[in-house]
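Quick notes on the structure that follows.
The values are calculated or read from the model by the stated rules, or taken from the named source; none is laboratory data. The structure displayed is predicted, hence computed values, not measured ones. Using ideal geometry, Cβ is built from the backbone for each residue, glycine included, and neighbour counts are taken over all protein chains shown. To get the accessible areas, we keep the full protein, side chains included, count just its heavy atoms, and leave off ligands, DNA and RNA. Shrake-Rupley method; radii C 1.70, N 1.55, O 1.52, S 1.80 Å.
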Amino acid sequence: MTKLLTTILIILSTNLFAQEQLAKDILDKLSATTKSYKNITVGFNFIFENKSQNINEIQKGILVLQEEMFRLEMAEQIIINNGESQWIYLSDINEVQIMDNDPEEDIMSPNKLFSIYEKGYNYNYIGTDSENGKRLEIIDLFPIKSGAFIKVTLAIDAAKNQLHKITIFDKNGGTYSYLVNTFKSNTIVSPFTFNTDEYKGVEIIDLR
C-alpha cells in the first residue's frame, strides 16, 4: 500500500512539473514575441462582473503600449503615461489630473496587463480551448504574495502567439476581463502626452 501511494505521488508530482514547464515555455515565447514589437495597439472589451452584487458592465477601449509608456482611451476617460508623468482626463467634468508616474502601480495598470505573467506568480497549464476558430492555450497564474487578486487566467492565441483574453479574479467575487478584438504592432503612434489645447476649457489639476 505504501509503495502504491508513493508511486501515485510521484506520478502526480511529475505531471504537475510537466504542466508548469509547459506553461513556462508558452509564457516565455509569448514574452519574447511581445517584446519584439516596437509598440502595440489593442482594441478590447473590458468586462467587469460580480454576480453577488448583480454587476455586469462592458466598455470598449483602445490601449497603445510602447516600452513603459501607454495611452488608454475609454468612453469617459483617457489615461496617458510617458514614464515620468501620468494624465487622467475625465470627459464628463472636462478635467485632467496630472501626477508623477508610480512604477509600483498595481497589476491593473495598463502598461502591466500584457506582462503581468513575468514575475510574482506561480502558473499552471490548464489546457486548450476554442473560440471563433481560434485555438487558445489556457494558463492560470496564482500570486506568490497575498493581495487583492487571487488568480489571473490567460487565454493565448496559439497561432499568433498573442494574448486573446486576460481575466483577473479578486477576493470579493469580482472578475475583470480584457478581451482583445484587434491587435496591431509597429505602427506610428501619437506622442504620449496630453495636449490641453485640444480640450477647450479643461480644468487642470496638477498633483506633482
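Descriptive notes on the structure:
- Within the range 82-113, the set of residues being under 23 Å from T33 (Cβ atoms) and either touching a Leu at 6+ places or on another chain (Cβ under 7 Å) or modelled with pLDDT of 95 or more (or both) comprises P110, N111.
- Tally, over the range 130-157, of residues that are of a type in the set (D, E) and exposed (fewer than 14 other Cβ atoms within 10 Å of the Cβ): 1
- Of the residues making up the range 83-95, those that are surrounded by 14 or more Cβ atoms within 10 Å (Cβ to Cβ) and under 21 Å from Q66 (Cβ atoms) are G83, S85, Q86, W87, I88, Y89.
- Apart from one condition, Y89 fits all of (1) under 26 Å from N181 (Cα atoms); (2) not in a strand (DSSP E or B); the exception is (2).
- Qualifying residue in the range 105-117 (condition: of a type in the set (A, V, I, L, M, F, W, C), in contact (Cβ under 8 Å) with a residue 40 or more places away in the chain and in a strand (DSSP E or B)): no
- Unmet criterion (only one of (1) on the phi > 0 side of the Ramachandran plot; (2) free of Cβ contacts under 8 Å to residues at least 40 places away in the same chain) for N94: (2)
- Count of the range 158-189 residues which are of a type outside the set (V, I, T), more than 22 Å from Q59 (Cα to Cα) and open to solvent by less than 60 Å² (accessible area, probe 1.4 Å): 3
- Candidate set from the range 68-77 (those that are surrounded by fewer than 18 Cβ atoms within 10 Å (Cβ to Cβ) and among the hydrophobic types (A, V, I, L, M, F, W, C)); member that is modelled with the highest pLDDT: M74
- Selection of the range 183-203 for residues being under 20 Å from E68 (Cα atoms) and either in contact with a helix residue (DSSP H, G or I) (Cβ under 6 Å, 6 or more places away or on another chain) or assigned to a loop (DSSP other than H, G, I, E, B) (or both) yields N186, T187, I188, V189, S190, P191, F192, T193, F194, N195.
- Taken over the range 118-129, the criterion of being without any contact (Cβ under 8 Å) to a residue 60 or more places away in the chain and open to solvent by less than 50 Å² (accessible area, probe 1.4 Å) is satisfied by G120, Y121, G127.
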